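A short write-up of the structure that comes next.
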Amino acid sequence: MCPKPLVKTKSKHFHLIADVGFLKKPPNSSPSPVAKKGSNPMEVSCKILRRSIHSFLQNYHYFTSTAAFLAFPFSASILLSQALAPSPSSLLSQIYSRLWTLFDAAGFPSSSQLFSILNLKVSQTITCSIFTLPFTLTFLLIAKACTIQALNHHKPTLPMPSSFYSIISLYKPLLHTYICNFFLILSANATAFCLMFLAFSFIEGLLGHSSSGYLLLFMSASGAVLFSVILANALVICNMALALAGIEGHGGYLAILKACVLIRRRTSMALFLALPVNVALAGIEALFQFRLVRPYHSAGKAGPYVALEGIFIAYLYSIFIILDTIVSCMFYKSFKTGSLMRQEDKHLLRIEFSDEENYGYMGTKNFEELP
């Protein structure tokens, strides 16, 4: 059966094309973690993880030397920011008190332990983001650019002049996308708190101040779950947008839009792929607190062996940041080969970026043209 003709809608910045036919896999595409008919998302996610680890081991020396050492300053800054934040006169205490005042004025139950923990975590996230912002905009994005450049060319090299130019050309869309991701995360947090405020205001208006403690506990737990779900989905979209910006060479809010289209109905798969690396990063942060921060606060000093151990932990943190970038890229490449396209997906939204959005790196590509 011949596919129906494409309907194009032109605009100044991008084109949206509704493709009614099925997505065909390119004849020369490389094997991918394709899901056979009836395979579950868990099986496909495991295949993507195995392929990501295989790619990491194939280019082990490059990823553990050049890319990891570029990410090392960011890793050290985020670990040190968590260690320095708990001091009484720090920025964390000021942000915590301001958020506590804001939540109390909004009507959130100040006696709820769950909201106290949520307030503390949000305050820690804001504080660490402020401390690590210069390292994030430089070393982290350059390390991601090196990783994506190695995955694109399949033969990573040391940063010679030609490779350096390609990394810089990748850095521009990554920076643009990261700035847009910041506003997306901010909007996700504002949306979650707005929904919780409306829910608590409705309960307070319906029952008054005589609401039971069990109801407040249930509402607090539901609010914490809602906040976690919204934030997790936003972070997954941001990671996919960064991978898309690096691979295709264009970024910004249009990369976020395309990432939202790609992840639709596959959110559980994206969350499962993000879970192992994030658990590993959380474990490394806890190891840093247990091995370095706690002994330092107890003894009041740190020896040379403690400093060497801290360097090793920060380097290990950098390795998992590189792994997270590889997983995001492999997840995106599985879409490009059509391996995750379901048979019932008869309408595929494809976004074509104009030349102004390409940063001089790559031309416009549709899904079928990508390897």
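Points to keep in mind about this one:
- Selection within segment 287-333: residues that are within 30 Å of Arg266 (Cβ to Cβ) and of a type in the set (Gly, Ala, Ser). The member of this set that is modelled with the highest pLDDT is Ser318.
- Consider segment 260-293 and keep the residues that are surrounded by 16 or more Cβ atoms within 10 Å (Cβ to Cβ) and of a type in the set (Val, Ile, Thr). The one that is nearest to Asn181 (Cα to Cα) is Ile263.
- Filter result (more than 21 Å from Ile142 (Cα to Cα) and at pLDDT below 90) within segment 230-253: none
- Residue within segment 137-147 that is of a type in the set (Gly, Ala, Ser), assigned to a helix (DSSP H, G or I) and at pLDDT below 90 present: no
- Filtering segment 286-327 to residues that are over 22 Å from Ile53 (Cα atoms) and charged (D, E, K, R) leaves Arg291, Arg294, Lys301, Glu309.
- Selection of segment 162-200 for residues being in contact with a Gly (Cβ under 6 Å, 6 or more places away or on another chain) and closer than 30 Å to Met219 by Cα yields Met196, Phe200.
- Residues of segment 167-189 that turn out to be within 12 Å of Ile148 (Cα to Cα), without any contact (Cβ under 8 Å) to a residue 60 or more places away in the chain and not β-branched (Val, Ile, Thr), as a count: 1
- Of the numbered criteria (1) at pLDDT below 85; (2) closer than 30 Å to Tyr332 by Cα; (3) of a type in the set (A, V, I, L, M, F, W, C), the one Leu79 fails is (1).
The values are calculated or read from the model by the stated rules, or taken from the named source; none is laboratory data. Everything numeric in this text was worked out from a predicted model, so none of it was measured. So basically every Cβ, Gly included, is an ideal-geometry build from the backbone, and we count neighbours across all protein chains shown.
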